[in-house]
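**Q** Handing you a structure now.
Every number in this text was worked out from the coordinates using simple rules, so none of it is lab data. Here the structure is a predicted model, which is why all the values come from computation and not from measurement. In this analysis, Cβ positions are derived from the backbone assuming ideal geometry, glycine residues included, and neighbour counts consider all displayed protein chains.
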There are 2 protein chains.
Amino acid sequence: MDSLDNVIRRSGADAYVAFGSSQNADIRYLTRFRTEDPFAYIKKPGEKGFMVIGQMEYERAIKESIAAVMTRGEAGLLDIIKDEPLKHRAYARMIANLTGPRIILPASFPYGIGHELESLCEVTLDPGSVETTRAIKSDEEIDKIRSVQAATDIAMERAISLVKASRPIKGVLHHDNHPVTSEQVRSLIHKTLMDYGCHAIDTIVTCGKDTALPHALGSGPLMESEPIVIDTFPADDMTGYFTDMTRTVVKGEPSVELLEMYNAVRDAHDLGMTLVKHGALGSSVHQAVVDLFAEKGYGTNTSGFTHNLGHGVGLEVHEQPTLGPAGGALTTGNVVTVEPGLYYRDIGGVRLENTGAVTTKGFDSFTQFPREFILR
Amino acid sequence: MDSLDNVIRRSGADAYVAFGSSQNADIRYLTRFRTEDPFAYIKKPGEKGFMVIGQMEYERAIKESIAAVMTRGEAGLLDIIKDEPLKHRAYARMIANLTGPRIILPASFPYGIGHELESLCEVTLDPGSVETTRAIKSDEEIDKIRSVQAATDIAMERAISLVKASRPIKGVLHHDNHPVTSEQVRSLIHKTLMDYGCHAIDTIVTCGKDTALPHALGSGPLMESEPIVIDTFPADDMTGYFTDMTRTVVKGEPSVELLEMYNAVRDAHDLGMTLVKHGALGSSVHQAVVDLFAEKGYGTNTSGFTHNLGHGVGLEVHEQPTLGPAGGALTTGNVVTVEPGLYYRDIGGVRLENTGAVTTKGFDSFTQFPREFILR
């Protein structure tokens, strides 16, 4: 990665060092290796970065990782731990032996090893170069996210078809003589995603007043004429790339307030997607939506539009850039959500969310599934 | 948590501070809160620990977390970021304002914030108190792991039944006129787990020579008379607790070498489970299995028994304690795997793995599913 070489050279360091499992998106990005167990990654300018892992993972790493691979034995760790039982100290000594006297560490580096390294090397902090690099996706990465979204469109279609096919009995939606529940809709989405090699946890399926809590998970039977918010953020099992999608529907007749809220959110969604393009400021796009809501009488305090308009999506479900007050200029290759929402404790919530790429022409939505509020 | 209070008091600190998402098992343990987004957790002796999170998560956190909850606004972060745009610096200032002058940080604490805190507070490193505390499970935690394992037993039963019901055509196992594949068995396990509110990724289903790579994932058709290793490590969606389970089967007639290997692994599995109990050394239990294998002519070098006998299981799939050369005394409340294996490049691999609790009486296996090698 040329940009990481520049960061290392600019800081005067001999090497960049990261440490973590593939749950750490920077590590995943630098190595493309999947493992539950944390490992060290070391990159010197002009050389291929390498990872230090256990013997058991060695062959798989050679096959699957884009980094070079060294075993803990080859890296000297097994000798070091003989006289240094404290793991963070042993790792610091191993790293210092491999890097040279000046190193640069990311902000997410574990403090235990990092603090120990300060007594062995000259340490500089990198506040987030890899995170910044990750925010601009290659065509290959964009294809990967587009493909997770394609699976997500199908899963959402099945979920909404189930709600559509339901019939109310005393206000509770029923299908095949059973109440349709949040859990059932969530499970249908998760199983459909699985058929496409993707997985989601914590998909939101809320109904009624619960929809006013943007992060509530939802449980129990779904109700007639009440808002139903379905928000899922799956990742591809193999690539680790996320996408993020929300639809709000109602089966039956929404109240006038709810219908007006939906129309405002739909207009805000259109406006956001129209304004996103290379060069636009994330803060301005967000503000335009705030203004649109204000015009229609919806505030942005503790109720109303209470969150940012959107966020970057990639190896993390929330990453750079930001469509919110702190958002800078958007760039070709950013992948972002556009997700306006309105939340009122006494009515409920409405949110619509697409994920797509920022281009010079505008917002290239990966989400193709239509918006349809009232299901007949 | 009394033990954390002791750690804080012993170090002379005013507060313990952690920072991470619920993917960090310590954070998950201290708060029982699930979120993708990292947050600060602060604990003062004699007081309830509290977490600092965004407004959007506030109500859910109040409901779901065992920690007290403060919004970023209440914690002063929103004011601090007005004149400190660098996130790790802003967080350090916020934390220092909330803690008092002396703090203790876990080894996993992010280096960016930790390094910054060194200029604001007196910082002590805690190498792993919470990890150590987590290694001894309460009855409630044991019930949670037992329940994930019960679901895993069912998923394994379905997977093995599918292999059992298959018939070979030209050496390839078939069911319903289609080849039975690794992917199909993996998907069956994952979907079954989902029905029980659990999820697994990267379940290993290998066949033939691939089984000699303990961490290969496996793909393609399963073969007659070849070893099939199925290793799954699911977690409960809600509680986050893992379990870990492996079975090795063959459909058809195994070679004599393979059958002898299986019998040795089964005997080692029995021996390991017999020796695990309160007070036993993890290193001794491991060594006893090494010795058993050696007696039967199986070494422990780059082939043979190449890994540790077992590991702790909880909010991480691999955690303390260790059944291996570095393992100390086992304690009532530890939950561990017992998973001997043998791996030879020219024959394949065999592994058997149960998860259970350490008690004064011995190993209380959560895994109830029987071992059956040759499927008729």
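**Q** Can you grab the distance from the C-alpha centre of the stretch A:43-90 to the C-alpha centre of the stretch A:207-231, Å, no decimals?
**A** 47 Å
**Q** What dipole magnitude, in Debye to the nearest 20, does the stretch B:2-134 give about its Cα centre under +1 on Lys/Arg Cβ and -1 on Asp/Glu Cβ?
**A** Dipole magnitude for the stretch B:2-134 comes out near 220 debye.
**Q** Another one. For the stretch A:53-202, what does the convex hull of the Cα positions come to per residue, in cubic angstrom? Write down the numbers at each step before the final one.
**A** On the way: hull volume 31.5 nm³, N = 150.
Taking the convex hull of the Cα positions in the stretch A:53-202, it is 210 Å³ per residue.
**Q** Now a separate question. If you scale each eigenvalue of the Cα gyration tensor by 5 and take the root, what three semi-axes come out for the stretch A:121-187, rounded to whole angstrom and sorted largest first?
**A** 45, 17, 8
**Q** Let me ask another. Restricted to Cα positions, what overall size does the stretch B:56-144 have along the principal axes? Three whole-Å values, descending.
**A** That works out to 49, 33, 20 Å along the principal axes.
**Q** If the only charges are +1 at each Lys and Arg Cβ and -1 at each Asp and Glu Cβ, what is the size of the charge dipole of chain B around the Cα centre, to the nearest 20 debye? The partial results should precede the final answer.
**A** Details: 37 positive and 50 negative charges, 38 e Å.
With only Lys, Arg, Asp and Glu charged at Cβ, the dipole is about 180 debye.
**Q** Something else: If the cut-off is a Cα-Cα distance under 14 Å, which aspartates and glutamates reach residue B:251, setting aside same-chain residues fewer than 8 apart in sequence?
**A** Within the straight-line cut-off, residue B:251 pairs with B:224, B:226, B:372.
**Q** I've got another one for you. Using the Cα atoms of the stretch A:198-278 to build a convex hull, what is its mean projected area in square nanometres?
**A** Its Cα hull, projected and averaged over all orientations, spans 6.9 nm².
**Q** Which residue, B:92, B:232, A:86, has the largest displacement toward the positive end of the dipole of the protein assembly as shown when charges sit on each Cβ (Lys, Arg +1; Asp, Glu -1)?
**A** B:232
**Q** Same structure, new question: Gap in Å between the Cα centre of the stretch A:356-371 and the Cα centre of the stretch A:290-313?
**A** Here the two parts' Cα centres lie 21 Å apart.
**Q** So what's the net charge close to residue A:223: Lys and Arg +1, Asp and Glu -1, counting the other residues with Cβ under 14 Å from its Cβ?
**A** Neighbourhood net charge equals 0.
**Q** Continuing with this model, one more query. For the stretch B:6-52, would you read off the P(r) tail past 16 Å as a percentage of all alpha carbon pairs?
**A** The share of Cα pairs beyond 16 Å in the stretch B:6-52 comes to 36 percent.
**Q** 7 Å from Cα along Cα→Cβ at both residue A:154 and residue B:138: what's the point-to-point distance in nm?
**A** 4.3 nm
**Q** Using only the Cα atoms of the stretch A:128-283, what do you get for the radius of gyration and for Dmax, in Å?
**A** 17.4, 56
**Q** By the scheme Lys and Arg +1, Asp and Glu -1, what is the net charge of all other residues having a beta-carbon under 13 Å from that of residue A:76?
**A** -1
**Q** Using label points projected 7 Å from each Cα along Cα→Cβ, tell me how many nm separate residue A:165 and residue B:202, to one decimal.
**A** It is 3.6 nm.
**Q** Just want the ordering: A:56, B:261, B:238, B:273, from fewest to most Cβ atoms lying within 10 Å of their own Cβ.
**A** Numbers: A:56 17, B:261 26, B:238 14, B:273 21.
Ordered from fewest to most neighbouring Cβ atoms within 10 Å, A:56, B:261, B:238, B:273 come out as B:238, A:56, B:273, B:261.
**Q** On a full-extension model of 0.36 nm per residue, what is the gain between residue B:79 and residue B:209, subtracting their alpha-carbon distance, rounded to one decimal in nm?
**A** Additional length available on full extension: 40.8 nm.
**Q** Over the Cα atoms of the protein assembly as shown, what is the Rg over Rh ratio if Rh follows Kirkwood? Mind dumping the intermediate values first?
**A** On the way: Rg = 26.4 Å, Rh = 27.4 Å.
Expressed as Rg/Rh, it is 0.96.
**Q** At what distance in nm do the modelled label points of residue B:302 and residue B:177 sit from each other, each positioned 7 Å from its Cα along Cα→Cβ?
**A** 4.8 nm
**Q** Can you bin the stretch B:2-134 into rounded, prolate or oblate? Criterion: square roots of the alpha carbon gyration tensor eigenvalues sorted a ≥ b ≥ c, rounded for a/c under 1.5, prolate for a/b above b/c, oblate for the rest.
**A** In terms of gyration-tensor shape, oblate.
**Q** Now, a different point. For chain B, find the longest principal axis of its Cα atoms and tell me its angle to the long axis of helix B:2-11, 0 to 90°, nearest 10.
**A** 60 degrees
**Q** What do you get for the angle between helix A:139-165 and the principal long axis of chain A? Use alpha-carbon atoms, 0 to 90 degrees, nearest ten.
**A** Here the helix axis deviates by roughly 30 degrees.
**Q** Hey, what's the per residue convex hull volume over the C-alpha atoms of chain B, in cubic angstrom?
**A** Details: hull volume 56.8 nm³, N = 376.
Hull volume normalised by residue count: 151 Å³.
**Q** For an R0 of 51 angstrom, estimate the FRET efficiency from the Cβ-Cβ distance between residue B:195 and residue A:122 and round to the nearest 0.05.
**A** Given R0 = 51 Å and the Cβ-Cβ separation, E is 0.40.
**Q** Work out the charge dipole of the stretch B:139-375 with +1 on the Cβ of Lys and Arg and -1 on the Cβ of Asp and Glu about the Cα centre, then indicate which of B:243, B:198, B:302 is farthest towards its positive end.
**A** Farthest along the dipole direction, towards plus: B:302.
**Q** Averaging sequence separations of C-alpha pairs under 8 Å and six or more residues apart, then dividing by the length of chain B, give the relative contact order as a whole percent.
**A** RCO, chain B: 14 percent.
**Q** Any idea what the residue B:62 label distances to the other copies are, label 7 Å down the Cα→Cβ vector, nm, shortest first?
**A** With the label placed 7 Å along Cα→Cβ, residue B:62 yields 5.7 nm.
**Q** Another question, if that's okay. Using only helices, what value at 222 nm comes out for chain B when you add -39,500 (n - 2.57) per DSSP H run of length 4 or more and divide by the total residues, to the nearest 500 deg cm²/dmol?
**A** Values: 11 runs with 135 residues, N = 376.
The per-residue figure over chain B is -11000 deg cm²/dmol.
**Q** Which of B:190, B:307 comes first, and how do the rest follow, when ranked by fewest Cβ neighbours within 10 Å?
**A** The order, fewest Cβ neighbours first, is B:307, B:190.
**Q** Mind checking the angle between helix B:87-99 and chain B's longest principal axis? C-alpha axes, 0 to 90 degrees, to the nearest 10.
**A** Once rounded, the angle reads 70 degrees.
**Q** Using a simple charge model, +1 on the beta-carbon of Lys and Arg, -1 on the beta-carbon of Asp and Glu, nothing else, what dipole does the protein assembly as shown show about its Cα centre, in debye to the nearest 20?
**A** 340 debye
**Q** Full extension from residue A:238 to residue A:364: what is 0.36 nm times the residue separation minus their Cα-Cα distance, to one decimal in nm?
**A** Separation in residues times 0.36 nm, less the Cα-Cα distance, equals 43.0 nm.
**Q** Once you order the gyration tensor axes a ≥ b ≥ c over the Cα atoms, which shape class does the stretch A:316-362 get: rounded for a/c under 1.5, otherwise prolate or oblate by comparing a/b with b/c?
**A** prolate
**Q** Over the stretch B:1-57, what relative contact order in percent results from Cα pairs under 8 Å that are six or more residues apart?
**A** Worked out over the stretch B:1-57, it gives 32 percent.
**Q** May I ask you to compute the full-extension gain from residue A:346 to residue A:372, defined as 0.36 nm times their residue separation minus their alpha-carbon distance, rounded to one decimal in nm?
**A** Length difference between fully extended and current span is 7.1 nm.
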